[in-house]
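Worksheet: the structure to be examined is printed underneath.
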Amino acid sequence: MAKENYFPPKIVLGWIAWFDDKSRYTSKETAWADLPSDGCLIVNVFSKIEGQPNILCLTLSSDDFYFRQETEDGVVYGSNNHTDNADRYPGAIILKGKWATEEIMNFVNHDSRNTSWEE
């Protein structure tokens with residue numbers, strides 16, 4: 001008898017996004033659609049596995065595009081360097097990434113690594 005793979009559902013708690021002007025936005029205060037469309041550097045997506053106490057953090061970084069797409073199965077967050085994201089992820093809200101100075105990247109990297117999600 002074949003065994004089914006089962007991954008408990010993740011519950012997305014929210015996200016925090018950093019931009020090239022050192023600004024920081026959180027889903028507690030801002031909708032993804034209201035974020036600046038250009039200059040995204042890092043996005044941390046926080047989630048929990050159903051029935052587990054630990055908060056997980058997925059860091060999206062060093063990409064040209066960051067996106068949020070609503071699907072039948074829930075919301076998907078991702079990042080990549082593909083220029084055809086509008087075709088690949090219909091209806092997704094896509095933000096453009098950007099190169100930044102070493103000083104800005106050091107600041108944003110440090111801040112993103114030292115940020116946690118408070119429920």
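Rule-based calculations on the coordinates, nothing more; no lab input. Everything numeric here is computed off the predicted structure, so don't read it as measured data. Cβ atoms come from the backbone with ideal geometry, glycine included; neighbour counts cover every protein chain shown.
The charge dipole of the chain, taken about its Cα centre with unit charges on the Cβ of Lys, Arg, Asp and Glu (plus for the first two, minus for the last two), comes to roughly 260 debye.
When you filter the GluC sites (Glu not before Pro) in the stretch 28-79 for DSSP loop state and at most 12 other Cβ atoms inside 10 Å of their Cβ, you are left with E29, E50, E72.
Helix 102-113 and the longest principal axis of the Cα set of the chain meet at an angle near 30°. For the stretch 35-119, chymotrypsin sites (Phe, Trp or Tyr not before Pro) are listed when DSSP marks them as loop and at most 15 other Cβ atoms sit within 10 Å of their Cβ; the list is W99. Taking 22 Å as R0, compute the FRET efficiency from the Cβ-Cβ separation of T115 and D73 and round it to 0.05. So the FRET efficiency works out to roughly 0.20.
Against the set (1) 55, 35, 26; (2) 70, 28, 26; (3) 43, 27, 27, the structure's computed Cα extents along the principal axes in Å falls on (1).
The calculated 222 nm mean residue ellipticity attributable to helices in the chain amounts to -3500 deg cm²/dmol, summing -39500 (n - 2.57) over DSSP H runs of n ≥ 4 and dividing by all residues. Ordering N81, L13, L41 by Cα displacement along the dipole of the stretch 12-112 toward the positive end leaves L13 in first place; charges were set at the Cβ atoms of Lys, Arg (+1) and Asp, Glu (-1). Say we join alpha carbon atoms closer than 10 Å with springs in a Gaussian network model of the chain; which of K28, K96, K48 then has the biggest fluctuation? Result: K28 has the largest fluctuation of those listed.
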